[in-house]
Amino acid sequence: MQFDSDSSIPDAAIVRAIQLRGEINRANRLYYVENAPEFGDAEWDARMQELLALEQAHPELKTPDSPTQRVGAPPAAGFNEVVHPVPMLSLGNVFDEDGVRAWYKRALDFLELESAPMVCELKIDGLALAITYRNGVMERAATRGDGERGEDVTANVRTIRSVPLKLDGQADDIPPVIELRGEVFLPNSRFATLNAEREKTGLPAYVNPRNSASGSLRQLDSTETAKRPLDMFFYALGYIEGTDVPSSHWDTLQVINKWGGRTNDWTRKANSVEEVMAAIANAGEVRESLDYGIDGVVIKIDSLSLQSRLGFVGRDPRWAIAYKFPAEQAETTLKAIHVNVGRTGALTPWAELEPVMVGGVTIGRATLHNKDEIARKDFREGDRVIIQRAGDVIPQVVEVTSKNIRPADSQPYQFPDACPSCGAPTVHSEDEAVTRCVNTACPAQFERLLEHFASRGAMDIEGLGERVSQVLPRLGFVSNIADIYRLHDRREDLLELDKMGETRVDNLLNAIEASRTQPLSKLLFALGISSIGSESAEWLSHRFHSLTGLKEATEEELRAIDGIGPVVASTLVDYFTVEQNHQLIDDLIELGVNPIDDTPEPSADHPANGMTFVVTGRLEAMSRSEAQNRIKALGGKATGSVTKKTNFLVAGAEAGSKLDKAQRLDVHVINESEFIKFMDDGITPTRPESDV
Ligand SMILES: [Zn+2]
């Protein structure tokens, strides 16, 4: 690349521009062609913004091959190239209200208008596709590629169930040739499953759902794509031959929908920047309840004639802008790597970090997953790393950014060969990617089991937290679970303990006594039998009614239960063949910890069967727990948080945020008397006229 030697551009700017171009081009190639993103969106955006600013300040710096002039990279070998008859757009980005305001003002100034209606759409974190239909039949599907040229992925896209192979409607209604555009994505709920399957077969895990959607779409063998649960939302028309098009973007979406193309139902109109900001705030709130990733909101001027008047600046349309959510990634220093021993003996490495804000939360530790992940990514103490936080998920360390500037004495991390708690040699299982301490007498495992046993979702013994769970075994008070129920004989000894005191000891002993009446399902979950979660514990409880009943269950009987898989069945049988476990159950029964489950079998024909409920607020006739038990007894599900899948929100007095959320998500809200009629008489509440 050559620059005029007379140029007034500072050398530093020239050097920086070349450097940024190199980095962005490389990242694009890795992202678009190799499916192996090198760095996250936030950093990509930062580099792109910096380069754009440089080129804006010094227009002479612009080169035809600058990544600001083209988005993405050429298609990989193996797919036919497709030239888009109408280029696929990229959008300019804004990151705050001022950015939205400035964009809107520029558009209005350009049009010399006071206002122009807009449409706000969720910005789905997936891959853009253009699908051409000839006479209503799908002919070709192409990736966006660099916007001008993409890849022909027709065979793969045909496997996506939400993509119509034939458009609905009369021949006269559908133009002879029409291109539908949208975003293909992998649902979040399927991402973890897909990664687990990949790791089992020795393939590297995908970094995020978008990365996996891209990988799935670009399988050379479309039968592989068919196994991936890809999904798609449509949001625009591309090339059209013949026939009138609707006059607004909003109407376009309705038409696409009528033809059978799935559109996103969150989409809303806005008439001012204030309304746009309210929509953005709402998108931020619903973000975590969605089963797909979004990274912002796209704002478009609704009128298509205004859109065509507005046209483009470079590649970016003047009539649309993308508002990007603040990045939920951050860079920090990995201060140290620690290893925890879990209650199943799994050694879990975690990172102690220089505390850093990520998406509004200060993060000081993050998971490093397992030994293989550390080796693959070469995480070392002292590295600069990118950490990521997505919703409620435990923060994770994504990658190292300082590989090239490590001090000379930097060493790869050595995963311990021995259990950090008991010193027993560890065993590494390749297919689970887990390193374990298999010493059944490992103190760390027992301490974790004790903590789990006492936890809220299990036996709910307040006062038996992390610290006391360590102290009691270490001082010889407890050497198995049943010993907890023998502690009341040792009150005097407990009073001698450091930091315990009379009140704490008595509270602990009372909490232990109270836990005897916890339901059987909680006790089963509390025992920490591997692969028995709280849900399978409920199934087992309803079917076998008591510890004795369960202990005598055969593998065949267990397998026959709805909701219990072969893994759980064989784990349980194995559990009871171990003498100590058998003894533990007998001891618990003898100590009077022997809850009986007398829940009647759910009635399959009750209309509540299979429905999902959330109970909130104060009810008059019963407690919330009682209401939840009634729901479960009838075969319904009672969950803690309102999502789009919630069928009914039962709202008592002083219902708060859950009621607000239900109204926002348009969930059917019922009061206590409707709920009781529903439960008692099987009368499904009807919904008043919706005011949509
Ligand atoms: Zn151990």
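The values are calculated or read from the model by the stated rules, or taken from the named source; none is laboratory data. Everything quoted here is computed from the prediction, not taken from an experiment. Here the Cβ is made from the backbone with ideal geometry for all residues, glycine too, and neighbour counts use every protein chain on show. Each accessible area value is taken on the protein alone, full model and side chains, heavy atoms only, with ligands, DNA and RNA left out. Shrake-Rupley method; radii C 1.70, N 1.55, O 1.52, S 1.80 Å.
Quick notes on this one:
- Residues that are under 21 Å from residue 85 (Cβ atoms) and small (Gly, Ala, Ser), drawn from region 225-253: 236, 238, 242
- Which listed residue, of 474, 436, is among the basic types (Lys, Arg) and touching a Ser or Thr at 6+ places or on another chain (Cβ under 7 Å): 436
- Of the criteria (1) touching a residue at least 24 places away in the same chain (Cβ under 8 Å); (2) more than 30 Å from residue 110 (Cβ to Cβ); (3) hydrophobic (A, V, I, L, M, F, W, C), which one residue 350 fails: (1)
- Of the strands (runs of 3 or more DSSP E) lying entirely inside region 381-439, those containing at least 3 residues that are assigned by TED's automatic domain parsing to the domain that holds residue 362 and either loosely packed, with under 14 Cβ neighbours inside 10 Å or more than 16 Å from the ligand (Cβ to nearest atom) (or both) span 384-388, 396-400.
- Selection count, region 460-477, where residues are of a type outside the set (D, E, K, R), away from the ligand (no atom under 16 Å from the Cβ) and either modelled with pLDDT of 95 or more or outside any loop (DSSP other than H, G, I, E, B) (or both): 3
- Members of region 329-359 that are outside any strand (DSSP E or B) and away from the ligand (no atom under 16 Å from the Cβ): 359
- Any strands (runs of 3 or more DSSP E) falling wholly within region 602-671 and containing at least 2 residues that are among the aliphatic types (A, V, I, L, M), under 22 Å from residue 288 (Cβ atoms) and in contact (Cβ under 8 Å) with a residue 12 or more places away in the chain: 612-616, 648-651
- Scanning region 244-268 for residues that are over 17 Å from residue 124 (Cβ atoms) and free of Cβ contacts under 8 Å to residues at least 24 places away in the same chain gives 244, 251, 254, 255.
- Taken over region 498-525, the residue count meeting the criterion of being surrounded by fewer than 17 Cβ atoms within 10 Å (Cβ to Cβ) and in contact (Cβ under 8 Å) with a residue 60 or more places away in the chain is 3.
- With respect to being at pLDDT below 85, on the phi > 0 side of the Ramachandran plot and surrounded by fewer than 17 Cβ atoms within 10 Å (Cβ to Cβ), residue 592 falls outside the description.
- A residue that is more than 30 Å from residue 154 (Cβ to Cβ) and modelled with pLDDT under 85 cannot be found anywhere in region 76-93.
- Residue 618 meets the stated requirement of being closer than 27 Å to residue 522 by Cβ, modelled with pLDDT of 85 or more and surrounded by fewer than 20 Cβ atoms within 10 Å (Cβ to Cβ).
- Residue 475 being without any contact (Cβ under 8 Å) to a residue 24 or more places away in the chain, farther than 30 Å from residue 551 by Cα and open to solvent by less than 40 Å² (accessible area, probe 1.4 Å): no
- Within region 440-454, the only residue that satisfies the criterion of being away from the ligand (no atom under 14 Å from the Cβ) and open to solvent by 40 Å² or more (accessible area, probe 1.4 Å) is 451.
- Qualifying residue in region 362-372 (condition: surrounded by fewer than 16 Cβ atoms within 10 Å (Cβ to Cβ) and among the acidic types (Asp, Glu)): no
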